[in-house]
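K.L.:
Dropping a structure here in structure tokens format, bear with me for questions.
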Amino acid sequence: MTPQLLRRAPFKRVKRVAREAALDIVIIYTSYVLATLARSVTTDLQIEAQLWFFASATLLTVILLYVFGAYRRLWARTSGHGIVVLINAVGLAYVIATLVDLFIVPRPAPLSVIAIANIMAFVGVVGVRYRSRVISGLSWRWDAVWNQKFPTSQTRVMIVGAGEAGQALAWRLKYRSPGKHYSVVCFVDDDPQKQGMLVEGTPVAGTRNDIEALVARHTIDVIVIAINNISGQDFRHVLSLCEKTKARIKVVPDLFAMIDGTLGPEILRDVQPEDYLGRKSITRHEAVDLRPVTGKRVLITGAAGSIGSELSRQMARYEPTCLILLDNNESGLHDLHIELTTQHRDVKIVPILADITQDEPSRTVFETYRPEVVFHAAAYKHVPLLEMFPEAAIKTNIGGTKRIAELAQEYEAERFVLISSDKAVNPSNVMGATKRVCELLLHALAQKEGKTLFASVRFGNVLGSRGSVVPTFNRQIDSGGPVTVTDPNMTRYFMTIPEAVNLVIHAACLTTGDDTFFLQMGEVIRIVDLAERMIRMRGLRPYIDIGIEFVGVRPGEKLHEELYSEDEELHSTVHPHITLLKPITPLAVDEFNAGVERLLSSTPQDRVAVLREIQQIIQMQPTIDQAVTG
């Protein structure tokens, strides 16, 4: 949750409670007046003499509604349990008003008036709270009768998870999707206390281990996984149980969007590769002070890329005084600029079409806009291609990073954050080696006197980025296969792009200067398992309908990536998913800087010399030796 939303939330809550309480006051007071008028038909009652009692009884009822939690509920989605809350509050108000009428005040109103008024008040407060589902139900029934649109068949649904997400989904399917003809048949949930209970009138019929039997018994058409914040391992286990059935498998896109009504017309979607990693809410961590990146002039390099564009989207919510988007991808930058200016009209967004390898355009950006926070995401990243063209990796990844970081220090930016990679740990390829050199570049710059705090953030693969395995596998499946996997034992750490970017922003706020962070990536995933899952997602069978071909490890690739080396000490931070790394061996800054200068002055034709120079700067593994001799 962004800072501005946090600041607005209490005001919105008070405003909502005040609005509901005011409506209740009108309903309850009117009920007493109408009850008195009805009683006056047979008995002459002076209504003016009873107004003070009506006001007191109304105030008492509203106070009891508040005490019993009636103003803390989202009534548009509440279950029948909410009526119990209203019965308790209005019932207790009736008892107290009756006792006051009998024993404390000399009969301010007849007992029949109090009884009739409380019955009317109860009907009123229930009616306004359940109006949406009543109106929705009546409207689609009227449409069915008037237009002769009676459901011919219903989609029988099982919901996995009877928690908040499952309850919200069941309500939505029943009352907001009548045209879809969904019938929620049962829930499954592993909580023993929920077994046999009714949720939105639907039974919790078993646990996840009963899924296969329940699908067969109840002829389930669709299984919906509706568990918020489920771990990747748990999700994959539930998915494997669902895949044993013939039912279609769906997931709830976003619990919070479903609750606040911003989800759109489609409330279910197919399983995506990102779901294998688990369902994690992208929220603000309360222990991290986000003020260092809030309300700042922010520069994002590589803004049109996968990480850079998501950084731009998330940082636009932190009220930047100026958001500078730098990239050499004209089409991508144009599309991103249109997207952000449409969604954030109150934010000054400046697109810069420039190349970080060119000194003058880069300097002009710093001279003109004086960014206070710099996120450096611009880089070449594809391992096989950079093995073929190491000079391009040197020029962009190392030369570009050096230029932007030095400008940030020269123009006294407050923070500079490098997007690094787990391939920088004990690098076995040119891409990883250049990222490691970039990390050390920031370490060397941090030794100089200056105001800029430098930090590197290291993480593994992100799902869905351009050129990554997910879009590659999708294309191969679309074309009928085979899906190509390098090695059956190859594993990788994966993270969704929004989650990675959220943690990068938090790390930027945690740095005190000269820091390297790595993000907790969760459990490691075998690439072949991901390929098999993606094939099954299409309703196809791996190795039968779509083949999987093992093509061998490519030059520069490792079977298993690492997140830190033996030469680094691990330190926990206040954020459970961000770890601080500190080097054990100090960097020889002068020798390192001299090596970097020699490296950058190498001509593109000196490929072997470039690779040997990298070896001298950092410790490389045998694949670089093979590249040098090859």
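K.L.:
For VAL350 and SER40 in the same chain, what is the full-extension length gain: residue separation times 0.36 nm, less their Cα-Cα distance, in nm?
P.N.:
104.4 nm
K.L.:
Shifting gears a bit: Over the alpha-carbon set of the stretch 346-437, work out the extent along each principal axis and list the three values in angstrom, largest first.
P.N.:
42, 28, 22
K.L.:
Which order do peptides 351-363, 537-549 fall in by mean Cβ count within 10 Å, highest first?
P.N.:
Per-residue Cβ counts within 10 Å, averaged per peptide and sorted highest first, yield 351-363, 537-549.
K.L.:
How high is the FRET efficiency between ASP270 and GLU549 when r is their beta carbon distance and R₀ equals 35 Å, given to the nearest 0.05?
P.N.:
Given R0 = 35 Å and the Cβ-Cβ separation, E is 0.90.
K.L.:
Under a point spin-label approximation (7 Å from Cα along Cα-to-Cβ), what is the GLU566-MET388 distance to one decimal in nm?
P.N.:
In this crude spin-label approximation the distance works out to 3.6 nm.
K.L.:
Order by neighbour count: ASP515, ASP191, fewest other Cβ atoms within 10 Å first, most last.
P.N.:
On the way: ASP515 23, ASP191 12.
Going from least to most buried by this count: ASP191, ASP515.
K.L.:
While we're here: Which whole-Hz ³J(HN,Hα) couplings does the stretch 395-410 yield from phi under the Karplus relation 6.51 cos²θ - 1.76 cosθ + 1.60, θ = phi - 60°, glycine and proline marked x?
P.N.:
Residue by residue, the stretch 395-410 yields 5, 7, 5, 8, x, x, 5, 4, 5, 5, 5, 5, 5, 4, 5, 5 Hz.
K.L.:
Long-range amide H contacts for SER421: which residues qualify at under 5 Å (H placed 1.01 Å from N, peptide plane, sequence gap of 5 or more or a different chain)?
P.N.:
Result for SER421 returns PHE459.
K.L.:
Pull out the extension gain between ARG612 and THR364, defined as 0.36 nm times the separation in residues minus the alpha carbon to alpha carbon distance; nm, one decimal.
P.N.:
Additional length available on full extension: 85.8 nm.
K.L.:
Search the structure for amide H atoms under 5 Å from the amide H of VAL483, placed 1.01 Å from N in the peptide plane, and list their residues when 5 or more places away or on another chain.
P.N.:
Those lying under 5 Å, H to H, from VAL483 are GLY547, ILE548, GLU549.
K.L.:
How far is it, in nm, from the label point at ALA22 to the one at CYS322 when both lie 7 Å from their Cα along the line to the Cβ?
P.N.:
Distance between label points: 4.3 nm.
K.L.:
Report ³J(HN,Hα) in whole Hz for each residue of the stretch 566-577, in order, from the Karplus equation J = 6.51 cos²θ - 1.76 cosθ + 1.60 where θ = phi - 60°; Gly and Pro get x.
P.N.:
Residue by residue, the stretch 566-577 yields 5, 8, 10, 8, 9, 10, 6, 10, 6, 9, x, 9 Hz.
K.L.:
Checking the cross-link filter: which aspartates and glutamates have an alpha carbon closer than 19 Å to that of LYS296, excluding same-chain neighbours under 8 positions apart?
P.N.:
Cross-link targets: GLU310, GLU319, ASP346, GLU367, GLU372, GLU410, GLU412, GLU414.
K.L.:
Okay, next question. Can you tell me the dipole magnitude for the stretch 387-520 around its Cα centre, using point charges on the Cβ only (Lys, Arg +1; Asp, Glu -1), in Debye to the nearest 20?
P.N.:
That gives the stretch 387-520 a dipole magnitude of about 200 debye.
K.L.:
Taking R0 as 60 Å, what FRET efficiency do you get between VAL105 and GLU164 from their Cβ-Cβ distance, rounded to the nearest 0.05?
P.N.:
Using R0 = 60 Å, I get an efficiency of 0.85.
K.L.:
Now a separate question. What FRET efficiency comes out for the pair ILE83/GLN193, r = Cβ-Cβ distance, R0 = 22 Å, nearest 0.05?
P.N.:
The pair ILE83/GLN193 has a calculated efficiency of 0.50.
K.L.:
Residues with amide H under 5 Å of ILE225's amide H, sequence separation 5 or more or different chain, H placed in the peptide plane at 1.01 Å from N; which?
P.N.:
Distant-sequence amide H within range of ILE225: VAL160, LYS250, VAL251, VAL252.
K.L.:
Based on the alpha-carbon set only, what is the convex hull volume of the stretch 302-391 divided per residue, in Å³?
P.N.:
It is 98 Å³ per residue.
K.L.:
Within the stretch 396-497, which trypsin sites (Lys or Arg not before Pro) sit in a loop by DSSP and count at most 13 neighbouring Cβ atoms inside 10 Å?
P.N.:
Values: sites: LYS402, ARG403, ARG415, LYS423, LYS435, ARG436, LYS448, LYS451, ARG458, ARG466, ARG475, ARG492; in loops: LYS448, LYS451, ARG466.
The qualifying sites are LYS448, LYS451, ARG466.
K.L.:
Let me ask another. Scale the Cα Rg of the stretch 452-609 by the rule-of-thumb value 2.2 N^0.38 Å and send over the ratio, two decimals.
P.N.:
1.32
K.L.:
Moving to a separate point now. Can you compute 3J(HN,Hα) from phi for each residue in the stretch 204-217, using the Karplus curve 6.51 cos²θ - 1.76 cosθ + 1.60 with θ = phi - 60°, rounded to whole Hz and x for Gly and Pro?
P.N.:
The phi angles translate into 8, 9, x, 9, 4, 5, 9, 4, 4, 5, 5, 4, 5, 5 Hz.
K.L.:
Something else now. What aspartates and glutamates sit close enough to LYS244 to cross-link, taking a C-alpha to C-alpha distance under 15 Å and skipping anything fewer than 8 places away on the same chain?
P.N.:
Cross-link targets: ASP210, GLU212, ASP221, GLU532.
Read the figures in this text as sums done on the coordinates, not as results from a lab. Being a predicted model, the structure only gives us computed values, none of them experimental. Neighbour counts are summed over all protein chains in view; Cβ atoms, including those assigned to glycine, are modelled from backbone coordinates with ideal geometry.
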